[in-house]
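Structure first, then comments.
The values are calculated or read from the model by the stated rules, or taken from the named source; none is laboratory data. Bear in mind that the values here come from a model prediction, so they are computed numbers and not experimental data. When we count neighbours, we look across all protein chains shown, and the Cβ atoms used for this are built from the backbone with ideal geometry, even at glycine. Note: areas computed on protein heavy atoms with side chains; ligands, DNA, RNA excluded. Shrake-Rupley method; radii C 1.70, N 1.55, O 1.52, S 1.80 Å.
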Amino acid sequence: MVKFRKWLLAGLLVLVPLIITLWVLNWVVGTLDQTLRILPSAWHPDTLLGFHIPGLGVIFAVVVVLAIGAMASNFIGNQLLAWGNALLQRIPVVRSVYSGVKQVSDTLFSEKGNAFRQAVLVQWPRPGMWTIGFVTGMPGGDLVNHLQGDYLSVFVPTTPNPTGGYFVMLPRADCVVLSMSVDEALTYVISMGVIAPGTKVQIGSSDPT
């Protein structure tokens, strides 16, 4: 029974990451393949080739993104984008949604953007309980008129899905700066504390080394 349990755990350690990785890749490829639907049916690869090739949507999506990026990088493209932004800013409901999403995307994808600046240790959700947060900036606007002292804007991610979480403003004195990179901190959060910073996990091994 001891060997059976050991083999079972070893098999799970090998298969589970592979299955999840393949599932994610299949979802990404399948989603991007849907971009081919914008093509006329006569130009669709399935029609031209007579059979379906998974992954062509990924290539098509990359080409579209590169084309839009090239267009946006020149003078005419910048003017068109400015007119489009001005038009969207005039639509009441769309304006609020688009402005927020655009600011986030500019922070995440711009060359100068730095969404997560530093990993910190904070007490959350109550004193005595600690978790990892990421500094996103400092409060601005009218917020500084109501916050007494030096505050930081911190994003506290959930585990194991760090795309969800809580945005909080905490005194700088309550944030303990961690000597680890943002990537290491994210890995620690996603792994639920199993993979400590600076460790490597070997496939088929139940112990981090």
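Per the conditions (1) open to solvent by 50 Å² or more (accessible area, probe 1.4 Å); (2) in contact with a Leu (Cβ under 7 Å, 6 or more places away or on another chain), the sole criterion not satisfied by ALA61 is (1).
The C-beta contact set for segment 148-159 (first residue part of a loop (DSSP other than H, G, I, E, B), second residue of a type in the set (Lys, Arg), distance under 9 angstrom, 6+ apart or interchain) comprises GLY149/ARG172; ASP150/ARG172. Taking every residue in segment 21-35 that is open to solvent by 60 Å² or more (accessible area, probe 1.4 Å) and pairing it with any residue that is in a helix (DSSP H, G or I), at least 6 positions away or on another chain, the pairs with Cβ-Cβ distances below 7 Å are GLN34/GLY57. Every listed requirement among (1) more than 30 Å from ILE195 (Cβ to Cβ); (2) surrounded by 10 or more Cβ atoms within 10 Å (Cβ to Cβ) is met by SER41 save one, (2).
Residue-wise test of (1) touching a Phe, Trp or Tyr at 6+ places or on another chain (Cβ under 6 Å); (2) of a type in the set (D, E, K, R); (3) at pLDDT below 85.
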| residue | (1), (2), (3) |
| --- | --- |
| VAL64 | no, no, yes |
| MET71 | no, no, yes |
| PHE75 | no, no, yes |
| SER105 | no, no, yes |
| ARG126 | no, yes, no |
| SER153 | no, no, no |
